[in-house]
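The values are calculated or read from the model by the stated rules, or taken from the named source; none is laboratory data. Owing to the predicted nature of the structure, the values given are computational and were not obtained by experimental measurement. Here Cβ is always computed from backbone atoms with ideal geometry, including for glycine, and neighbour counts include all displayed protein chains.
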Amino acid sequence: MYVAVKGGEAAIEAAHRLLDRDRRGDPTAPALTVAQIEGQLRLAVDRVMTEGALYDRRLAALAIKQAAGDLVEAIFLLRAYRTTLPRFAVSLPIETAGMDVDRRISAIFKDVPGGQYLGPTFDYTHRLLDFGLADDVADPEKEVVAPAAAAMPSALLPVMGWLEQEGLLEPERENPELVVGDITREPPQYPATRDVRLQALARGDEGFLLSLAYSTQRGYGRNHPFAGEIRSGRTTVEIVPEELGFAIAIGEIELTECQLVNQFKGSASQPPQFTRGYGLVFGRCERKAMAMALVDRSLRAAEFEETVTAPAQDEEFVLSHADNVEASGFVQHLKLPHYVDFQAELDIVRQMRAEEARQEAAE
Amino acid sequence: MTASGYNFAYLDEQSKRMIRRALLKAVAIPGYQVPFAGREMPLPYGWGTGGIQVTASIIGRKDRLKVIDQGADDTTNAVSIRKFFARTAGVATTTRTAEASIIQTRHRIPETPLRHGQIMVYQVPIPEPLRWLEPRETQTRRMHALADYGAMHLKLYEDIARFGRVTTAYDYPVQVNGRYLMSPSPIPRLDNPKLDRSPALQLFGAGREKRIYAVPPFTSVKSLDFADHPFAVERWSSRCARCGADDSYLDEIVVDDRGGRSFICSDTDYCDSRLRPRAAE
């Protein structure tokens with residue numbers, strides 16, 4: 001005789017305790033601190049802040065610790081916290097031209113006024129395991145000494161400016177009338193506007209955008225990109241409180257911006273010129289910023305009267321599948337019981353087979 | 001006791017008001033999918049975030065909440081959601097259908113008939129009944145606007161032509177109030193007739209897809225069919241092995257290594273309630 005399975009509650013609690021145990025790992029090893037994660041796993045923190053859509057290094061580090069290093073889970077934790085926060089102001093548009101840069105490169109001009117700065121990058125490292133790092137004992141002798149900080153100009157003019165001056169690059173149109181959308185406060189509607197699209201891409205999963213961006217380079221919606229400028233650094237965020245009526249700085253955030261220049265042969269209504277793809281992320285998620293810029297340009301296909309043939313150009317496809325919190329939840333919900341639906345399927349399949357057997361017997 | 005640092009029932013009041021507005025619109029246009037700005041919830045998408053947001057927006061301190069998943073109160077996700085509200089809203093919970101004022105459900109409608117004043121909250125994975133025929137939202141919204149449901153009738157017709165019957169086992173499409181085609185959520189066909197002219201208010205929440213829709217009390221809900229191929233529900237040749245019911249939805253259980261089968265009620269409260277008077281004797 002079957003006895004209905006009970007004890008879901010006890011099982012859940014036991015699972016949580018096992019999770020806590022596994023997260024802590026070997027209790028004889030010192031526990032990882034949030035400050036260590038914040039300071040030493042900074043690129044993980046950057047990704048969690050970007051896709052978690054909340055600039056808070058400490059909370060992102062805490063989420064990484066709580067998620068035992070599962071970054072998508074950490075992003076989910078941060079999002080679920082973020083959603084409970086009130087939206088008390090909308091910042092003024094940030095000025096990346098005035099960024100205090102630690103990295104600034106352009107792949108379209110050999111030299112640019114102000115110069116190029118590699119900054120901290122993996123780009124030219126040889127990917128050889130550094131066994132010296134395996135030694136956990138701190139050796140002050142070996143402590144890394146950073147090169148003397150080069151005198152960095154405080155405001156580097158954007159590279160795109162020179163192309164714009166010559167009229168070769170589509171102008172950036174300012175639209176003071178535009179009330180910027182907020183994807184956290186309004187449901188998605190298609191076709192979407194570019195502001196909303198950029199927001200969705202900024203929060204989108206790095207892996208998903210990376211693969212889509214890659215697909216455009218392999219011919220699925222090719223858009224001939226060049227890295228016009230990539231810059232990383234710190235920018236001030238300002239708001240205008242209603243009761244003051246003038247802008248005040250509320251803090252500084254670290255950002256990476258990617259401006260792509262894309263070839264465009266012109267259309268019936270527009271002359272041949274270069275067009276733009278834009279990527280902006282928290283911290284130094286440079287790979288994500290570049291992927292975002294490629295996909296942004298792809299999604300502007302309709303604007304330039306290009307034929308939409310590839311997944312990366314299909315707005316509804318890209319935007320409705322880019323969010324990893326949504327995707328991860330829905331894919332994993334298959335773990336939930338589906339007894340009832342499966343029973344209904346069984347019923348249909350059995351009926352159909354019985355019907356077939358009857359027909360065969362009759363023949 | 002409620003969780004500290006969070007508002008009553010987790011969501012802030014502005015978000016609840018936004019959701020209640022969407023609910024009012026949904027009730028005013030039965031079966032129409034109202035877009036709403038779904039929030040991230042501390043439970044994963046696909047695990048009932050739409051239903052949880054609807055429940056969080058309508059629940060009050062005097063409510064008594066029942067949560068079921070696959071008809072059962074004790075499946076892990078039902079336990080988890082019930083606990084979430086007990087923790088964030090401190091409301092009373094129950095497993096008895098008759099005692100609940102709000103019933104949040106995934107994939108079932110209770111066997112015990114609902115009464116006026118009760119609210120059913122359905123967790124919906126894919127709110128768009130036309131989604132498997134047309135993946136684009138821009139297209140399906142147009143189809144709904146024009147009540148252009150030929151594609152669905154054609155799908156049902158093709159099923160009958162090829163297989164002799166409609167092969168949609170669950171989430172069987174319905175037409176509400178003679179107008180909007182609606183997904184009843186993945187409930188089995190046996191539950192579809194319970195939607196029709198139900199005295200309870202029925203609210204549907206799809207969190208990931210950010211849609212809310214509703215069937216007000218006493219509204220007609222018709223499962224699509226043809227005059228010569230009427231809509232039919234599942235049938236079993238056995239009764240519930242536990243309570244003996246022959247009118248409830250049965251789950252099939254594999255009881256031994258030789259593949260022996262047994263059937264029991266999917267609705268645990270219904271099954272228990274049928275056993276209760278006997279146990280008292």
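In the set (1) buried (at least 20 other Cβ atoms within 10 Å of the Cβ); (2) modelled with pLDDT of 95 or more, the condition left unmet by residue A:43 is number (1).
Per the conditions (1) surrounded by 23 or more Cβ atoms within 10 Å (Cβ to Cβ); (2) among the aliphatic types (A, V, I, L, M); (3) more than 19 Å from the chain's Cα centre (by Cα), the sole criterion not satisfied by residue B:68 is (3). So which residues in segment B:209-220 are part of a loop (DSSP other than H, G, I, E, B) and surrounded by 20 or more Cβ atoms within 10 Å (Cβ to Cβ), if there are any at all? Matches in segment B:209-220: B:209, B:210. Summed over segment B:124-167, residues that are free of Cβ contacts under 8 Å to residues at least 24 places away in the same chain, among the β-branched types (Val, Ile, Thr) and surrounded by fewer than 19 Cβ atoms within 10 Å (Cβ to Cβ) total 2.
For segment B:1-49, a residue qualifies if it is of a type in the set (Gly, Ala, Ser), within 13 Å of another protein chain (Cβ to nearest Cβ), under 25 Å from residue B:174 (Cβ atoms) and out of contact with any Phe, Trp or Tyr (no Cβ under 6 Å at 6 or more places or on another chain), and the qualifying residues are B:38, B:48.
Assess whether residue B:266 counts as being closer than 17 Å to residue B:111 by Cβ, surrounded by 14 or more Cβ atoms within 10 Å (Cβ to Cβ), touching an Asp or Glu at 6+ places or on another chain (Cβ under 6 Å) and facing chain A (nearest Cβ under 10 Å).
Against the criterion (closer than 17 Å to residue B:111 by Cβ, surrounded by 14 or more Cβ atoms within 10 Å (Cβ to Cβ), touching an Asp or Glu at 6+ places or on another chain (Cβ under 6 Å) and facing chain A (nearest Cβ under 10 Å)), residue B:266 qualifies.
Check whether at least one residue in segment B:195-215 is in contact (Cβ under 8 Å) with a residue 40 or more places away in the chain, among the hydroxyl-bearing types (Ser, Thr, Tyr) and either closer than 30 Å to residue B:19 by Cβ or more than 14 Å from chain A (Cβ to nearest Cβ) (or both), and report yes or no. Spell out how you get there, then give the answer.
Residues of segment B:195-215 in contact (Cβ under 8 Å) with a residue 40 or more places away in the chain: B:195, B:198-215.
After this cut, where a residue has to be among the hydroxyl-bearing types (Ser, Thr, Tyr) as well, the list is B:198, B:213.
Applying the additional criterion that residues be either closer than 30 Å to residue B:19 by Cβ or more than 14 Å from chain A (Cβ to nearest Cβ) (or both) yields B:198, B:213.
Scanning segment B:195-215 turns up at least one residue that is in contact (Cβ under 8 Å) with a residue 40 or more places away in the chain, among the hydroxyl-bearing types (Ser, Thr, Tyr) and either closer than 30 Å to residue B:19 by Cβ or more than 14 Å from chain A (Cβ to nearest Cβ) (or both).
Only residues in segment A:302-319 that are aromatic (Phe, Trp, Tyr) count as the first member; pair them with residues that are surrounded by 13 or more Cβ atoms within 10 Å (Cβ to Cβ), Cβ under 8 angstrom, at least 6 apart or cross-chain, and list the lot. So the pair list comes out as A:304/A:264; A:304/A:270; A:304/A:275; A:317/A:311. Of all the numbered requirements in (1) more than 11 Å from chain A (Cβ to nearest Cβ); (2) assigned to a loop (DSSP other than H, G, I, E, B); (3) under 19 Å from residue B:54 (Cβ atoms), residue B:122 misses one, and that requirement is (2). Here is the figure for segment B:28-65: residues that are charged (D, E, K, R) and surrounded by fewer than 24 Cβ atoms within 10 Å (Cβ to Cβ) total 4. Checked against (1) away from every other protein chain (no Cβ under 14 Å); (2) out of contact with any helix residue (DSSP H, G or I) (no Cβ under 9 Å at 6 or more places or on another chain); (3) at pLDDT 95 or above, residue B:90 passes all but a single condition, namely (3).
Of all residues in segment B:163-217, those satisfying the criterion of being hydroxyl-bearing (Ser, Thr, Tyr) and at negative phi are B:167, B:168, B:170, B:172, B:180, B:183, B:198, B:213. Do you know which of the residues in segment A:211-239 that are part of a loop (DSSP other than H, G, I, E, B) and over 20 Å from residue A:108 (Cβ atoms) is modelled with the highest pLDDT? If we take residues in segment A:211-239 being part of a loop (DSSP other than H, G, I, E, B) and over 20 Å from residue A:108 (Cβ atoms), then A:220 is modelled with the highest pLDDT.
I'd like the full set of residues that are more than 14 Å from chain A (Cβ to nearest Cβ), surrounded by 15 or more Cβ atoms within 10 Å (Cβ to Cβ) and of a type in the set (D, E, K, R), limited to segment B:221-235. B:222, B:225 - these are the residues of segment B:221-235 that are more than 14 Å from chain A (Cβ to nearest Cβ), surrounded by 15 or more Cβ atoms within 10 Å (Cβ to Cβ) and of a type in the set (D, E, K, R). Only one of the listed residues (B:74, B:69) is within 14 Å of chain A (Cβ to nearest Cβ), more than 17 Å from residue B:23 (Cβ to Cβ) and in contact with a strand residue (DSSP E or B) (Cβ under 8 Å, 6 or more places away or on another chain). That residue is B:69. Filtering segment B:178-208 to residues that are surrounded by fewer than 24 Cβ atoms within 10 Å (Cβ to Cβ) and farther than 23 Å from residue B:247 by Cβ leaves B:178, B:179, B:180, B:181, B:201. Per the conditions (1) more than 9 Å from chain B (Cβ to nearest Cβ); (2) of a type outside the set (Gly, Ala, Ser); (3) crowded, with 17+ Cβ neighbours inside 10 Å; (4) free of Cβ contacts under 8 Å to residues at least 24 places away in the same chain, the sole criterion not satisfied by residue A:360 is (3). With B:70, B:104 as the choices, which residue is touching a His at 6+ places or on another chain (Cβ under 7 Å) and within 21 Å of residue B:182 (Cα to Cα)? Within the list B:70, B:104, the selection yields B:70. Quick one: would you say residue A:341 is among the charged types (D, E, K, R) and either more than 10 Å from chain B (Cβ to nearest Cβ) or farther than 27 Å from residue B:68 by Cβ (or both)? It is false that residue A:341 is among the charged types (D, E, K, R) and either more than 10 Å from chain B (Cβ to nearest Cβ) or farther than 27 Å from residue B:68 by Cβ (or both). Scan segment B:2-25 and give yes if some residue there is polar (S, T, N, Q), in a loop (DSSP other than H, G, I, E, B) and more than 19 Å from the chain's Cα centre (by Cα), otherwise no. Checking segment B:2-25: at least one residue is polar (S, T, N, Q), in a loop (DSSP other than H, G, I, E, B) and more than 19 Å from the chain's Cα centre (by Cα).
Would segment B:85-103 turn up any residue that is of a type outside the set (A, V, I, L, M), over 18 Å from residue B:188 (Cβ atoms) and crowded, with 21+ Cβ neighbours inside 10 Å? Working first, answer last.
Here is the first cut: in segment B:85-103, the ones of a type outside the set (A, V, I, L, M) are B:85, B:87-88, B:90, B:93-97, B:99, B:101.
Filter again for over 18 Å from residue B:188 (Cβ atoms), leaving B:85, B:87-88, B:90, B:93-96, B:99, B:101.
Imposing the further condition that a residue be crowded, with 21+ Cβ neighbours inside 10 Å reduces the set to B:85.
Scanning segment B:85-103 turns up at least one residue that is of a type outside the set (A, V, I, L, M), over 18 Å from residue B:188 (Cβ atoms) and crowded, with 21+ Cβ neighbours inside 10 Å.
Scanning segment B:192-212 for residues that are over 17 Å from residue B:118 (Cα atoms) and in contact with a helix residue (DSSP H, G or I) (Cβ under 9 Å, 6 or more places away or on another chain) yields B:206, B:207, B:208, B:209, B:210, B:211, B:212. Could you say whether any residue in segment A:50-59 is in contact with a Cys (Cβ under 9 Å, 6 or more places away or on another chain), surrounded by 13 or more Cβ atoms within 10 Å (Cβ to Cβ) and away from every other protein chain (no Cβ under 13 Å)? Within segment A:50-59, one or more residues are in contact with a Cys (Cβ under 9 Å, 6 or more places away or on another chain), surrounded by 13 or more Cβ atoms within 10 Å (Cβ to Cβ) and away from every other protein chain (no Cβ under 13 Å). Residues that are surrounded by 22 or more Cβ atoms within 10 Å (Cβ to Cβ) and over 14 Å from the mean Cα position of the chain (by Cα) number at least 3 in the following helices (runs of 4 or more DSSP H) confined to segment A:260-346: A:286-299.
Here's the yes/no breakdown for (1) more than 11 Å from every other protein chain (Cβ to nearest Cβ); (2) of a type outside the set (Ser, Thr, Tyr); (3) within 14 Å of residue A:202 (Cα to Cα):
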{"position": "A:266", "(1), (2), (3)": "yes, yes, no"}
{"position": "A:277", "(1), (2), (3)": "yes, yes, yes"}
{"position": "A:291", "(1), (2), (3)": "yes, yes, yes"}
{"position": "A:318", "(1), (2), (3)": "yes, yes, yes"}
{"position": "A:324", "(1), (2), (3)": "no, yes, yes"}
{"position": "A:327", "(1), (2), (3)": "no, yes, no"}
{"position": "A:331", "(1), (2), (3)": "no, yes, no"}
{"position": "A:345", "(1), (2), (3)": "no, yes, no"}
{"position": "A:351", "(1), (2), (3)": "no, yes, no"}
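Number of residues in segment A:241-256 that are of a type outside the set (A, V, I, L, M), surrounded by 12 or more Cβ atoms within 10 Å (Cβ to Cβ) and not in a strand (DSSP E or B) equals 1.
Selection of segment B:242-263 for residues being buried (at least 17 other Cβ atoms within 10 Å of the Cβ) and in a loop (DSSP other than H, G, I, E, B) yields B:242, B:243, B:245, B:248, B:249.
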